[in-house]
Amino acid sequence: MKRNQVNSRLVLVSNRLPFTVIKSGSEVKIRPSTGGLITAINPVLSKSGGLWVGWPGIFEQLDFDDAFTHWQKSTGYKVQSVSLDKDEHDNFYHGFSNEILWPLFHDLQSRCNFFNTDYWTSYISVNRKFAEVVEQSIFPNDRIWVHDYQLINVGQELKKLKIKSKIAFFLHIPFPPPDIFFKLPWRENILNALLEYDLIGFQTYHDKNNFIQCVRILIKQAHCSSLRKEKVTKIQKSSKQTIASHFPIGIDYRGFVSDSLQSEVLKQAKDIRESFLNRQIILGVDRLDYTKGITCKLEAFRKALKLFPQLHQKIILIQILVPSRKDIPEYRLMKSEIERLVSEINGEFTKPGWVPINYIFNTLNRSELLAYYRAADIALVTPLKDGMNLVAKEYCATKTDGNGVLILSEFAGAADQSHLGALLVNPYSIEDVANKIYVAFVMNKTERQAYMRKIQKAVKRYDVFWWANSFLKTWETYSCDSKLKLIENKTKNLIPNTSNTNNNSSSKMFIKLLGK
Ligand code: GDG
């Protein structure tokens, strides 16, 4: 730990840094990454300043200094890399994180590979490595905020290193109910590791509740008490107190609105609409992942074309598939299956001048993505299970004229906040999704706007700064930091889903909280 204390900083720890380092000849370049965690946190840390610790996406140990300094200049926060070798990465990331925790936490236990015990050993040692880098990079008063399922054990490892700093954790993916979680051979280890944090944040009340039920059943020494008025649960285990609550993550709503009104985006959106002859556009934007329900979505679209011939030549599905985890054979198979279905459906329904599915396998730049959002009449977001799903919120933010429909899986965390204005579907029911496609297609502009305005109100109010602010305020309320308590006393209703958080001041308050 560094000795000379400056102001308390926010130290964010996640598996990946917000960019990937690429070696191009003798030069080191960086390419900003995509993905939900990064889209959400980047604007938060840019406003607060601080430090982001993570893996840079390359095994080679290069001189990152220039690239990192450049990043710091453009974002306002520092970065610190954790180096991993290929074996560590394979076992910890592809193995334990993505072959066990990811499917299990998305209720897909039959996809879990529980039998490789090296995975767990590597998960612990890589989490230890992250903790060691954090330990070497922090000042005593820094607050350490660890993110997501790959790094659950970092808190416990920091405690072993005798770090006294406040530590908190946010889980971006769902937490499964006991009957699913209990399949995990390391279930007590994971729960005990989580109980080392001062605060644990979940996306929804449901996730928090699942976690509390697991603790109640499995951790005999833990006593849980729910503070109903404050919507948090206190967990006392020996002398250690942990607070658990839910904080639905948001987007930088104002940023999305203003960027979507840039002339470049407006022009691209117009071009997209014209190139599809102003037919109604349904849009899907998904990372290549089995949790996103892409094959079910395609089957539902096929069903809609079968049930409702009125849709023929009047509607186009643009499916953007963002490359992800491409080193894993299962993901490559999934891609082939999706491509087979796309060509089968196109083969079945194409007519002169009309190909029903327009398929893109690529990562778009931000303005292209926003142009597709703006051009789309309907967004079709049908994950089988999703912590939140930011694509749903981003789509609604960019529909500034309110003329769009969101069809949303009831198993996405975002459904909690969008239920008043979205057409909710059971993604496993091909018929339900097909029917809702038709309902959206025939909905008139006035109805669309009425529904869309309801979602926009919620997404704007509970934006990413509200999310970070609520989390940090809750953290301070239940810890013993008098300076921050003072600010907390002036502000009420800091727990998610309370109604009178004044979002207009959310980003301002956030900066104040971090002492800027
Ligand atoms: C995890 C949880 C939770 C997508 N395509 C492109 C692109 N994106 C960006 C979107 C969005 C992000 O990626 C995807 O976010 P999601 O929330 O939909 O999904 P995950 O990546 O699985 O995120 C999720 C999230 O964490 C946050 O807590 O909501 O449940 O699984 O921001 O805009 N960005 C660019 N080009 C693309 O082609 N530039």
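Taking the Cα centre of the chain as the origin, how large is its charge dipole in debye, to the nearest 20, when only Lys and Arg (+1) and Asp and Glu (-1) carry charge on their Cβ atoms?
Working: 70 positive and 51 negative charges, 391 e Å.
With only Lys, Arg, Asp and Glu charged at Cβ, the dipole is about 1880 debye.
Which value, in Å³ per residue, describes the convex hull spanned by the Cα atoms of the range 1-144?
On the way: hull volume 17.9 nm³, N = 144.
So the per-residue hull volume is 124 Å³.
Any chance you could give the angle, 0 to 90 degrees and rounded to 10, that helix 294-307 forms with the longest Cα principal axis of the chain?
20 degrees
If R0 is 60 Å, what FRET efficiency do you get for Asp90 and Val439 from their C-beta distance, rounded to 0.05? Could the numbers behind the result be given before it?
Values: r = 45 Å, r/R0 = 0.76.
After rounding, the FRET efficiency stands at 0.85.
Could you give the dipole magnitude of the range 10-250 about its Cα centre, charging the beta-carbon of Lys and Arg +1 and that of Asp and Glu -1, in debye to the nearest 20?
Details: 28 positive and 23 negative charges, 230 e Å.
The dipole magnitude comes to about 1100 debye.
Quick one: angle between helix 329-349 and the longest Cα principal axis of the chain, in degrees between 0 and 90, rounded to 10, please.
20 degrees
State the extension gain, in nm to one decimal, for the chain segment bounded by Arg453 and Val355, taking 0.36 nm per residue of separation less the distance between their alpha-carbons.
On the way: separation 98, 0.36 × 98 = 35.28 nm, distance 3.19 nm.
Between Arg453 and Val355, full extension yields an extra 32.1 nm.
Keeping all protein chains in place and using 1.4 angstrom, which order do Arg128, Arg143 fall into by accessible surface area, from largest down?
On the way: Arg128 75, Arg143 10 Å².
Per-residue accessible area, sorted high to low, gives Arg128, Arg143.
To the nearest 0.05, how large is the calculated FRET efficiency for Ser275 and Thr446 if R₀ is 30 Å and r is the Cβ-Cβ distance? If you can, show how the numbers build up before the last one.
Values: r = 28 Å, r/R0 = 0.92.
Using R0 = 30 Å, I get an efficiency of 0.60.
In the range 304-368, what chymotrypsin sites (Phe, Trp or Tyr not before Pro) fall in a loop by DSSP, with at most 12 other Cβ atoms inside 10 Å?
Details: sites: Tyr331, Phe349, Trp354, Tyr359, Phe361; in loops: none.
For chymotrypsin sites (Phe, Trp or Tyr not before Pro) across the range 304-368 that sit outside H, G, I, E and B with at most 12 neighbouring Cβ atoms in 10 Å, the list is empty.
Take the alpha-carbon positions of the range 10-250, form their convex hull, and give its projected area averaged over all directions (one quarter of the hull surface) in nm².
Values: hull surface 53.3 nm².
Quarter of the Cα hull surface area: 13.3 nm².
Out of the trypsin sites (Lys or Arg not before Pro) in the range 195-250, which ones are loop residues according to DSSP with at most 13 other C-beta atoms within 10 Å? List each step's numbers first, then the result.
Details: sites: Lys208, Arg216, Lys220, Arg228, Lys229, Lys231, Lys234, Lys237, Lys240; in loops: Lys220, Lys231.
For trypsin sites (Lys or Arg not before Pro) across the range 195-250 that sit outside H, G, I, E and B with at most 13 neighbouring Cβ atoms in 10 Å, the list reads Lys220.
Compute the Cα gyration tensor for the range 244-398, then decide on rounded, prolate or oblate, letting a ≥ b ≥ c be the square roots of its eigenvalues: rounded whenever a/c is under 1.5, prolate when a/b is larger than b/c in the other cases, and oblate in all that remain. Could the numbers behind the result be given before it?
Details: a/c = 1.72, a/b = 1.13, b/c = 1.52.
In terms of gyration-tensor shape, oblate.
Report, in deg cm²/dmol and to the nearest 500, the calculated mean residue ellipticity at 222 nm for the chain, where each DSSP H run with n ≥ 4 adds -39500 (n - 2.57) and the sum is divided by the residue count. It would help to have the intermediate numbers written out before the result.
On the way: 21 runs with 226 residues, N = 516.
So the helix-based figure for the chain works out to -13000 deg cm²/dmol.
To the nearest 10 Å², what's His419's accessible area with a 1.4 Å probe?
100 Å²
Which listed residue (Tyr395, Val322, Leu283) has the Cα farthest towards the positive end of the charge dipole for the range 253-460, taking +1 on Lys and Arg C-beta and -1 on Asp and Glu C-beta about the Cα centre?
It is Tyr395.
Mind jotting down the distance between the C-alpha centroids of the range 396-448 and the range 331-378, whole Å?
19 Å
Sequence neighbours fewer than 8 away in the same chain don't count; with that in mind, list the aspartates and glutamates whose C-alpha is under 17 Å from Lys326.
Partners found: Asp87, Asp90, Glu99, Asp286, Asp289, Glu337, Glu339.
What net charge is computed for the residues neighbouring Ile22, neighbours being all others with C-beta under 10 Å from the C-beta of Ile22, Lys and Arg scored +1, Asp and Glu -1? Display every interim value, and only then the final one.
Details: positive: Lys23, Lys29, Arg31; negative: Glu27.
The answer is +2.
Using only Cα atoms, tell me the angle between helix 205-218 and the longest principal axis of the chain; keep it within 0 to 90° and round to the nearest 10.
50 degrees
Quick one: dipole size for the range 376-482, taken about the Cα centre, charges +1 on Lys/Arg Cβ and -1 on Asp/Glu Cβ, in debye to the nearest 20.
Dipole size: approximately 360 debye.
Report the normalised scattering of the chain as log10 I(q)/I(0) at q = 0.08 Å⁻¹, calculated by the Debye formula with identical scatterers on the alpha carbons.
-0.50
What trypsin sites (Lys or Arg not before Pro) in the range 286-333 are in a loop by DSSP, with at most 14 other Cβ atoms within 10 Å of the Cβ?
Those that pass, being in a loop and sparsely packed, are Lys314, Lys326.
Could you pull out the pairs from Lys183/Lys231; Lys166/Lys473; Lys208/Lys234; Lys208/Lys399; Lys306/Lys445; Lys73/Lys267 whose alpha carbons sit more than 21 Å apart here? Kindly include the intermediate steps, with their values, before the conclusion.
Numbers: Lys183/Lys231 29 Å; Lys166/Lys473 13 Å; Lys208/Lys234 12 Å; Lys208/Lys399 32 Å; Lys306/Lys445 25 Å; Lys73/Lys267 30 Å.
Among Lys183/Lys231; Lys166/Lys473; Lys208/Lys234; Lys208/Lys399; Lys306/Lys445; Lys73/Lys267, the Cα-Cα distance tops 21 Å for Lys183/Lys231; Lys208/Lys399; Lys306/Lys445; Lys73/Lys267.
The values are calculated or read from the model by the stated rules, or taken from the named source; none is laboratory data. Please read these numbers as outputs of a predicted model, since none were measured by experiment. FYI the Cβ positions are ideal-geometry reconstructions off the backbone, even for glycines, and counts take in every protein chain you see. What goes into the accessible areas is simple: the full protein's heavy atoms, side chains included, and nothing from ligands, DNA or RNA. Shrake-Rupley method; radii C 1.70, N 1.55, O 1.52, S 1.80 Å.
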